[in-house]
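Peer 1: This is the structure I want to talk about, given as structure tokens.
Readers should treat all values here as calculations from the given coordinates under stated rules, not as data from a laboratory. Since this is a predicted model, take the numbers as computed values, not measurements. Cβ placement follows ideal geometry from the backbone for every residue including glycine, while neighbour counts extend to all protein chains displayed.
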Amino acid sequence: MEKSIQFVANYDEWQAVKKQKIDEKTSPKTIMEFLASLGTSLDNKIEANLRKIVDLKKLDATINELKIGKTESEIAEILADVNSRKINSTINEICEKPELKPNEQKELKGFCKVYAMKTALKKCSLNVDYSCIEIPGMKRIMKKPKEEKI
């Protein structure tokens with residue numbers, strides 16, 4: 001049986017086919033690059049779909065109010081700020097949707113919390129995922145798509 005990694009997405013605005021054949025000559029570096037590309041694509045689609053459910057612009061505005069820095073103490077402050085009442089109240093506000101059950105709202109809050117942390121840490125120039133790595137031949141894939149205007 002042939003070894004491979006395959007991913008197929010075919011819905012609405014996302015059509016993607018990603019395949020990587022793996023044999024004894026396939027290097028771990030090639031597999032890492034493929035998985036980084038796939039992970040970045042998945043992260044971008046998670047964020048795009050989260051934007052369809054909640055108003056991430058409100059969360060972005062609250063994050064933009066945080067004092068962003070690069071020193072160890074400033075980064076510790078950012079971590080505390082992302083866990084602060086201010087960020088949490090914004091997340092609660094955008095996730096309180098009457099059409100969702102409490103456990104669904106809790107799940108959305110989890111997604112928003114991850115989004116807030118990644119966004120704040122990226123503003124501090126910290127690499128929080130593999131999307132910042134320049135992989136030859138995959139630069140187009142690794143770039144984050146422009147936000148849809150609604």
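Peer 1: Along each of its three principal axes, how wide is the spread of alpha-carbon positions in region 1-129, in whole angstrom units, largest first?
Peer 2: Here the spans come out as 53, 42, 23 Å, largest first.
Peer 1: Calculate for the chain the 222 nm mean residue ellipticity that helices alone would give, adding -39,500 (n - 2.57) per DSSP H run of length 4 or more and normalising by residue count, nearest 500 deg cm²/dmol.
Peer 2: Values: 6 runs with 83 residues, N = 150.
After summing the helix terms and dividing by residue count, I get -18000 deg cm²/dmol.
Peer 1: Here's a follow-up. Quick one: putting +1 on the C-beta of Lys and Arg, -1 on the C-beta of Asp and Glu, what dipole do you get for region 1-145 around its Cα centre, in Debye to the nearest 20? Each step should come with its number before you reach the end.
Peer 2: Numbers: 27 positive and 22 negative charges, 47 e Å.
Around 220 debye, computed over region 1-145.
Peer 1: Could you please rank Ile78, Ile135, placing first whichever residue has the fewest other Cβ atoms within 10 Å of its Cβ?
Peer 2: Values: Ile78 22, Ile135 16.
The order, fewest Cβ neighbours first, is Ile135, Ile78.
Peer 1: Right, another one. Calculate the dipole size of region 54-123 relative to its Cα centre from +1 charges on Lys and Arg beta carbons and -1 charges on Asp and Glu beta carbons; express the result in debye to the nearest 20. Before the final figure, lay out each step's value.
Peer 2: Working: 14 positive and 12 negative charges, 19 e Å.
Charge dipole of region 54-123: 100 debye, to the nearest 20.
Peer 1: Once fully extended, how much extra length lies between Lys3 and Arg51, figured as 0.36 nm per residue of separation less the alpha-carbon to alpha-carbon distance?
Peer 2: Stretched fully, the Lys3-Arg51 segment lengthens by 13.7 nm.
Peer 1: Please give the FRET efficiency for Ser125 paired with Glu24, using the beta carbon to beta carbon distance and R0 = 30 Å, rounded to the nearest 0.05. Intermediate results must be reported in sequence, preceding the final value.
Peer 2: Working: r = 39 Å, r/R0 = 1.31.
The computed FRET efficiency comes out at 0.15.
Peer 1: Follow-up question, since we're still on this one. Work out which helices of the chain, taken as complete DSSP H runs, extend at least 30 Å along their axis over the Cα atoms and score a mean Kyte-Doolittle of -0.5 or more, then list them.
Peer 2: Working: long enough: 28-53 (37 Å, -0.07); 102-123 (31 Å, -0.85).
Helices meeting the span and hydropathy rule in the chain are 28-53.
Peer 1: Can you work out the FRET efficiency for the pair Glu72 and Leu100, with r the C-beta to C-beta distance and R0 = 41 Å, to the nearest 0.05?
Peer 2: Values: r = 39 Å, r/R0 = 0.94.
Taking R0 as 41 Å, the efficiency between Glu72 and Leu100 is 0.60.
Peer 1: May I pose another question? Please list, in order along region 2-8, the HN-Hα scalar couplings obtained from phi with the Karplus expression 6.51 cos²θ - 1.76 cosθ + 1.60 (θ = phi - 60°), rounded to whole Hz, x for Gly and Pro.
Peer 2: For region 2-8, the Karplus-derived couplings read 6, 8, 6, 10, 9, 9, 10 Hz, x marking Gly and Pro.
Peer 1: What nm value, rounded to one decimal, do you get for the distance between Asn83 and Ile31 when each label is placed 7 Å out toward the C-beta?
Peer 2: Distance between the two pseudo-spin positions: 3.5 nm.
Peer 1: Follow-up question, since we're still on this one. Kindly flag which residue pairs out of Lys45/Lys106; Lys67/Lys113; Lys70/Lys109; Lys19/Lys57; Lys3/Lys113 have an alpha-carbon separation exceeding 29 Å in this structure. Display every interim value, and only then the final one.
Peer 2: Values: Lys45/Lys106 20 Å; Lys67/Lys113 18 Å; Lys70/Lys109 27 Å; Lys19/Lys57 34 Å; Lys3/Lys113 36 Å.
The answer is Lys19/Lys57; Lys3/Lys113.
Peer 1: Something else now. Comparing Glu47, Glu65, Glu13, which has the greatest mean-square fluctuation in the GNM of the chain with Cα pairs linked when under 10 Å apart?
Peer 2: Of Glu47, Glu65, Glu13, the most mobile in the Gaussian network model is Glu13.
Peer 1: So how compact is region 54-123: Cα radius of gyration and Dmax in angstrom?
Peer 2: Expressed in Å, the Cα Rg and Dmax of region 54-123 come to 12.5, 43.
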